[in-house]
Amino acid sequence: MPEHNEYWGIPLDWGSPNILVYSVMFLAGAILIFRFYLRARLWWKIGRPEPRWNKLHLRFYNLIKYSIVQTRILRQKYPGIMHVALAWSFFIFFLGTALATINTHFYHFLTGLVFSLYKLTLDVFTVVFIVGALLAIYRRYITKPDRLTYQPQFTWSLILLIIIVLGGITTESLRLAVEQPANAAWSPAGYLIARAFLSTGASAAALTNWHLGIWLVHLLTVAFTIVTLPVGSLLHILTGPLNIFFSELDRPIGQLPPTPTDREGHPVYVSKLNELTWKQILNGDACTECGRCQDVCPAFGAGLPLNPKDLILGIREIFEDAKLSSNGNSFDKSLLENQKLNKEALWSCTTCAACLTECPVLVEHIDTIVELRRHLVIEGMIDPELQDALTNLGRYGNSFGQSPRKRAKWTQEIDPPVKDATREPVEYLWFVGDYASYNPALAEMTAKTAAVFNHAGLDFGVMHKGENHAGNDVRRVGEEGLFEMLVEKNLSALQRCQYQSIITTDPHTYNTLLNEYPFSEPQTILHYSELLAQLIKDGKLRFTNPLNYKVTYHDPCYLGRYNGIYDAPRYVIKATGCELVEMPRNRDLALCCGAGGGRIWMEEGKIQERPSESRIREAMELDGIQHFIVSCPKDITMYQDAVKTTGHESDLTVKDLIELVEEALEDSTY
Amino acid sequence: MTEIVVIARLVPDLVEELEIATSGTALDLAWLRLIINEFDNHAIEQAIILKERSGATVTIISPEAEGVEDMLFTTAAKGADKLIKLTGVGEEKPTNLSMAQTLAEIIKEINPDLVLTGVQAHDDFTGDLAPQLADLLDMPYVGYISGISLGDGKATAYKEYPGGILAEMEIALPAVLGIQSSEEPPRYVAISKVRQMMNTASIEDRDAGVLETDSGVVIDRMYLPEVADRAEMLEGDEEEVASKLIAILQDLGLL
Ligand code: SF4
Ligand code: SF4
């Protein structure tokens, strides 16, 4: 009966090979742990404290999901398959080695069929590894995507892994060649190579010698790889899972943390390395340099001076500098002086969350960006346009610098009159938002929304001058004090109203109300797309004029990625009788329009292609699309501009969801 | 240490719609919201810039009005050291001379090297607060200044004349300067800083004493600009307005 044969072919006069193997591995392991400890302890030593030890069950769940199953990595086909081929095969090899050790020292079970299956699995994963390695080689040296880092350490890592695996399969096949055991066919790949060895006509003794040599190389390569792990690109094997384990669980991504305070209760406006939390420093060390974030970043794509990958690696760079000169007082290194994190980079971010959604090791880019922005705001390092917007928001509660009394001016034309929710109870309190309230170009849209609500027989009202900008993007700009002030104003206005649900037009408003407002009682907060879908389902909106348009739909970041609302708007579009054709970047892959995170208030900077223009081009690639449907007032202005600047005015019109609904209701009905 | 005093006034905010009171000779105060006089805001910024450049103690003096505390705390957040509020200023606007007399008393105690204020305010008829003050303090005055650098016992002030001519003038200190604009646009100050000042900074109240409100000028009537007959208002949305405009220009033979 075939069984596991430990240390086949290793001369017995070496004493027990166990001693050799275990001492080499033990030493390598100890060096690894020590070197890693030297690095890791500095995260806690330099960084601000931040509790991330709660909800352990979820943390382990994430660890399995993202580090072992690697669902994030698998979001992208080629690099996904490539990576899991490499990683899973090593998991199997590791497991195989562990089982062999157990078999040898504790419980002898690798015999018969179990042993054959064991061999088969290892053999299959060797092939899987080779496929992964070939994919990696092709990608790194032939297709060379821009997003990768091209440094020798990556090549070295790949070489080491390949040597390890080839060493493993070669020793195995040499054993098969000499032993020719009954279950050789269970190692098909190994056996194939064994046949090749046999065909050379080499003697059994020669093959056994070769085996010894290669076995030693294999052993030493493994040891070398382990020892160098903390300094090479394979470090992510340790830091990645740690970063995943400690990822944020207490807040949804739509909720930013408040300005942190130090022990004396003073606010910390982060601008130095030691003002970051240990987790933010760990982000830098965990980055695998995969460049997924860079690929999806609208700011980077537009040619703005922000690359989320570089930004995170900038933290690592500063950390490493501080570590090298670790006499203890170099921990307060400035972050902003680093080219990768300078203020131009920070101001370029639209907080679209595409990077967060893509990062395989759950790096939290936006928290760090906003914390650094808070410092810039406190220091007054903001551009004049943003300064005007913030001044207006502080004084008038809107970025347009208009009188609060004019907020509901658009209602003057509406019949029946829109209720004032601060004076009479309503079922739905409509939080209209700045753009829909003040932008003259959107007045018609806002009126149509009211008309549709009336058509559906909704009992709704607005807060007139009681409504202030909700503050979502004020917070993301880093003006936390102003955000708090706006929240207080809105909450006190809302407290004066009687309502059952809040409807929002603007996804940004929706996000902050839903995720950030400290309501004293639970609230029902709806985006109008959700409300429309519900009204259609309930039969309160019946379409008598089915539209036969071919349309595409743009997911707003704060509705889609931030809050997972993808289906409601699509349901509404289809209910109006339109044919919906998806853009390649749809749902959580949707490209940001470029307006978020306060970008709409800032100087645009030197831009190559606006994200909104890239998006319109994407839509134009689809066959015969008539309308580009949006569900965010800012998107109307962003995309109408983009349609003009890309010269597609005659081919494509930008429409709000509400316009489709209104049209499908047929004008005669109201 | 250089002592700088800045006079900062609140004026009606033109973003809000102005209403005329039933008397027909004044603005309806019930509808008014006040905002810092833009020129005074530049004067404050200029004072802070000087403080940052070469060190100074900056005192802000403001006549009492609704929202003046917030405004003063904002200046403190920017870097002002002392805040003074003139109390007992009635709703009716005092004359500049009388206001200057009250201010001069306080300013003399401070004994400043430089007194800055906005060169004008849009609710001011005569625009002579700063020159009156200079006269009472026996200091030189220059108005429409857009930049200052301090030297030993003197200041160099920059003044822009129409046609882009820039004058550089040396002024013996102490002096009163009317500011047209600061060297850098007024800075933004984060709300949390202002809120922090509300808890830590203090405002000194000073009684304005008796203020004269009769300037000898009698207002017959105050009214919003009326649409003159000659003007034709183009109504409609952008498209309509644009096409009407084109038609008119074509009629006139300009297109
Ligand atoms: S949030 Fe969006 S814009 Fe900001 S770094 Fe991430 S991908 Fe780029
Ligand atoms: S931050 Fe995340 S997505 Fe970006 S390069 Fe690093 S590991 Fe990849």
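Between A:I33 and A:R263, with labels modelled 7 Å along Cα→Cβ, what's the label distance in nm to one decimal, could you check?
Inter-label distance under the simple model: 3.1 nm.
When averaged across all projection directions, what area in nm² does the alpha-carbon convex hull of region A:11-111 cover?
If I average the Cα hull's projected area over directions, I get 10.9 nm².
Would you tally the net charge around A:A185, using a Cβ to Cβ cut-off of less than 12 Å, leaving A:A185 out, and scoring K and R as +1, D and E as -1?
Charge balance in the 12 Å sphere: +1.
Based on DSSP loop calls and a cut-off of at most 16 other Cβ atoms within 10 Å, the longest stretch of chain A free of exposed GluC sites (Glu not before Pro) is what?
A:7-247
Relative to the first principal axis of the alpha-carbon coordinates of chain A, what is the inclination of helix A:480-495, with its axis defined by its Cα atoms, in degrees from 0 to 90 and to the nearest 10?
Taking Cα atoms only, the helix is inclined about 50 degrees.
Which residues in region A:619-639 have a backbone N closer than 14 Å to a point placed 7 Å from the Cα of A:E579 along the Cα-to-Cβ line?
Label zone hits: A:622-627.
Give the calculated FRET efficiency between A:Y141 and A:S203 to the nearest 0.05, with a Förster radius of 41 Å applied to their Cβ-Cβ distance.
Calculated transfer efficiency: 0.60.
Leaving out ligands, DNA and RNA, what percent of the accessible area of the protein assembly as shown is carbon and sulfur, probe 1.4 Å?
56
Which FRET efficiency value, to the nearest 0.05, is calculated for B:A167 and B:E239 with the Förster distance at 41 angstrom and r the Cβ-Cβ distance?
For B:A167 and B:E239, the calculated efficiency is 0.30.
Which of the residues in region A:381-424 lose at least 50 Å² of accessible area when you go from the chain alone to all protein chains together (probe 1.4 Å)?
A:Q387, A:R395, A:Y396, A:R405
Placing unit charges on C-beta atoms (Lys and Arg positive, Asp and Glu negative, everything else neutral), compute the dipole magnitude of region A:378-511 about its Cα centre in debye, rounded to 20.
Value, rounded to 20: 420 debye.
By DSSP, what percent of the beta bridges with both residues in the protein assembly as shown are antiparallel, rounded to the nearest 5?
Here the share of antiparallel DSSP bridges comes out near 30 percent.
Per q in 0.10, 0.19 1/Å, what log10 I(q)/I(0) does a Debye calculation on the alpha-carbon atoms of region A:307-405 return?
-0.38, -0.98
Out of every Cα-Cα pair in region B:13-97, what percent are more than 15 Å apart?
Pairs farther apart than 15 Å: 66 percent.
For region A:541-664, report the accessible area per residue in Å² (1.4 Å probe, heavy atoms, rounded to an integer).
The answer is 38 Å² per residue.
Region A:258-378: Rg/Rh from Cα coordinates, Kirkwood Rh?
Result: Rg/Rh = 0.96.
What does the charge count near A:E385 come to, summing +1 for each Lys or Arg and -1 for each Asp or Glu among other residues with Cβ under 10 Å from its Cβ?
Once positives and negatives cancel, what remains is -4.
Ordering A:W156, A:W88, A:W601, A:W8 from largest to smallest accessible area (1.4 angstrom probe), what's the sequence?
Order by accessible area, largest first: A:W156, A:W88, A:W8, A:W601.
Sort largest first and round to whole Å: the equivalent ellipsoid semi-axes of chain A, each the square root of five times a Cα gyration tensor eigenvalue.
57, 29, 21
Quick one: helix A:633-645 against the long Cα principal axis of chain A, what's the angle to the nearest 10°, folded into 0 to 90?
80
Test of the criteria: in region B:3-107, which GluC sites (Glu not before Pro) are in a DSSP loop and have at most 10 other Cβ atoms within 10 angstrom of their Cβ?
Sparse-neighbourhood loop GluC sites (Glu not before Pro): B:E17, B:E91, B:E92.
Report Rg/Rh for region A:541-664, rounded to two decimals, where Rg is the Cα radius of gyration and Rh the Kirkwood radius.
Using only Cα positions, Rg/Rh for region A:541-664 is 0.96.
Using a 10 Å Cβ count of at most 16 others and DSSP loop calls, identify the longest part of chain B lacking such chymotrypsin sites (Phe, Trp or Tyr not before Pro).
B:1-124
Using only protein heavy atoms and a 1.4 Å probe, how much accessible area in total is buried between B and A, to the nearest 100 Å²?
Summed over both sides, the interface buries about 1700 Å².
Can you list residues whose amide H is under 5 Å from A:L304's amide H, if they're 5+ apart or on another chain and H is modeled 1.01 Å from N?
Here A:Q608 satisfy the definition.
Looking at region A:398-536, what % of the alpha carbon pairs are farther apart than 20 Å?
41
If we count trypsin sites (Lys or Arg not before Pro) as exposed when they sit in a DSSP loop and have at most 14 other beta carbons within 10 Å, what is the longest stretch of chain A that avoids them all?
A:56-262
Let me spell out the model: positive unit charges on the Cβ of Lys and Arg, negative unit charges on the Cβ of Asp and Glu, origin at the Cα centre of region B:3-207. What dipole size does that give, in debye rounded to 20?
About 600 debye.
Using Cα pairs closer than 8 Å and at least 6 residues apart in sequence, work out the relative contact order for region B:107-159, in percent.
21
Please give me, ordered by residue number, the GluC sites (Glu not before Pro) of region B:109-199 that lie in loop per DSSP and have at most 15 other Cβ atoms within 10 Å.
B:E183
Just how large is the dipole of the protein assembly as shown about the Cα centre, in debye to the nearest 20, putting +1 at every Lys and Arg Cβ and -1 at every Asp and Glu Cβ?
It comes to approximately 5740 debye.
Among all cysteines in chain A, which have no other cysteine Cβ under 4.7 Å from their own Cβ?
So, A:C287, A:C290, A:C297, A:C349, A:C359, A:C497, A:C578, A:C593, A:C632.
Name the residue farthest towards the positive end of the dipole of the protein assembly as shown from the options B:T156, B:W31, A:H365, assuming +1 on Cβ of Lys and Arg, -1 on Cβ of Asp and Glu, about the Cα centre.
A:H365
Using a 1.4 Å probe and ignoring any ligands, DNA or RNA, find the accessible area of A:M602 and quote it in Å² to the nearest 10.
About 10 Å², ignoring ligands and nucleic acids.
So what is the relative contact order for chain A, in percent, with contacts set as C-alpha pairs under 8 Å and at least six apart?
12
Taking K and R as +1 and D and E as -1, what net charge do the other residues with C-beta under 11 Å from the C-beta of B:L137 add up to?
For residues surrounding B:L137, the net value is -2.
Modelled label-to-label distance, A:D383 and A:L212, 7 Å Cα→beta-carbon offset: nm?
Taking the simple label geometry, A:D383 and A:L212 are separated by 7.1 nm.
Using only atoms on other chains, find how many Cβ atoms lie within 10 Å of each Cβ of peptide A:615-626 and report the average.
Taking the mean over all residues of the peptide, I get 0.
The values are calculated or read from the model by the stated rules, or taken from the named source; none is laboratory data. Being a predicted model, the structure only gives us computed values, none of them experimental. Glycine also receives a Cβ, built like all others from the backbone with ideal geometry; neighbour counts cover every protein chain displayed. With ligands, DNA and RNA removed, areas are computed over all heavy atoms of the protein, side chains included. Shrake-Rupley method; radii C 1.70, N 1.55, O 1.52, S 1.80 Å.
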